1. Set the Förster radius R0 to 22 Å, insert the Cβ-Cβ distance between A:Tyr53 and B:Arg95 as r into 1/(1 + (r/R0)^6), and round the FRET efficiency to 0.05.
2. Lysine pairs, Cα distance under 17 Å, 8 or more residues apart or cross-chain: how many in the protein assembly as shown?
3. Could you give the dipole magnitude of the protein assembly as shown about its Cα centre, charging the beta-carbon of Lys and Arg +1 and that of Asp and Glu -1, in debye to the nearest 20?
4. Give the residue from B:Ser73, A:Ala61, B:Ala28 lying farthest towards the positive end of the charge dipole for the protein assembly as shown; charges sit on Cβ (+1 for Lys and Arg, -1 for Asp and Glu) and the dipole is referred to the Cα centre.
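Read-outs throughout are calculated quantities, based only on the coordinates presented, and are distinct from any laboratory measurement. What you see is a predicted model, and the numbers here were worked out from it, not measured in a lab. Cβ placement follows ideal geometry from the backbone for every residue including glycine, while neighbour counts extend to all protein chains displayed.
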Protein chains: 2
Amino acid sequence: MPTSTLDVPRVAELCNALADEARVEIVARLLDGEKCVCDLTDALETGQSRLSYHLRVLKDAGLVTDRRDGRWSYYTLARDAFLEAEHLLAALRPRAVRTSKAGCC
Amino acid sequence: MPTSTLDVPRVAELCNALADEARVEIVARLLDGEKCVCDLTDALETGQSRLSYHLRVLKDAGLVTDRRDGRWSYYTLARDAFLEAEHLLAALRPRAVRTSKAGCC
DNA sequence: TTGACACATCGAGAAAAGTTGATTTGATTT
DNA sequence: AAATCAAATCAACTTTTCTCGATGTGTCAA
């Protein structure tokens, strides 16, 4: 459930999770649906432990969820978290073009 | 001018700039318009060089612009960059609730 | 039950980011 | 011109993040 206004630590947490290219790549790969770790390893041509690490960061931030099926783990984007991120970001958007120049101190 | 789709490095760059609470605080303070550095130093109760460092990170990412007037520097949120960020994030949002479970490998 | 597999986790090292105090720069006041 | 002030930059240090190879854990096949 997305919080509406200015949750500073949460913004930092979510952005932090998306602050690394490897993780954004992962998210991009998950856009067309659930993938298992082996699919991602192939697609991203990266070491298994590295991938596992980044998946964990995304998971800790709530941006993905995982599901186990036998030996495989499947990861899915968490729609709620992305909506939450959008709302939080929207709350940071400057309302209009500011013309008023500030005086100082 | 906001790019539309999946610019992975740019997402990482923007998110990185917002991945630190201090910087999100700064953005929050700038929401009601332009501020000089001294205002921010007071408001955030932080050292001057620390603030200057974080302002530079925000500026390098394009999220703020600065203007000099005499001895003072004024910082303003860059509306375009925030819109760009919103668009980029929107492009990462999973389209709908996925029910299809992936087969593997 | 042994071996192979998929993945998570660990430990150590490398790299990057953040903090702090001192110095520098450039503008203003006296 | 000298002193003062706002803010940027620097250098040294601390902390965090990332990477890589190794090990651990649970699952399945032979």
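1. Values: r = 27 Å, r/R0 = 1.24.
Once the sixth-power term is evaluated, E becomes 0.20.
2. On the way: A:Lys35/A:Lys59; A:Lys35/B:Lys101; A:Lys101/B:Lys35; B:Lys35/B:Lys59.
Pairs that pass both the separation and distance tests number 4.
3. Numbers: 30 positive and 32 negative charges, 33 e Å.
Dipole of the protein assembly as shown, to the nearest 20 debye: 160 debye.
4. Value computed over the given set: B:Ala28.
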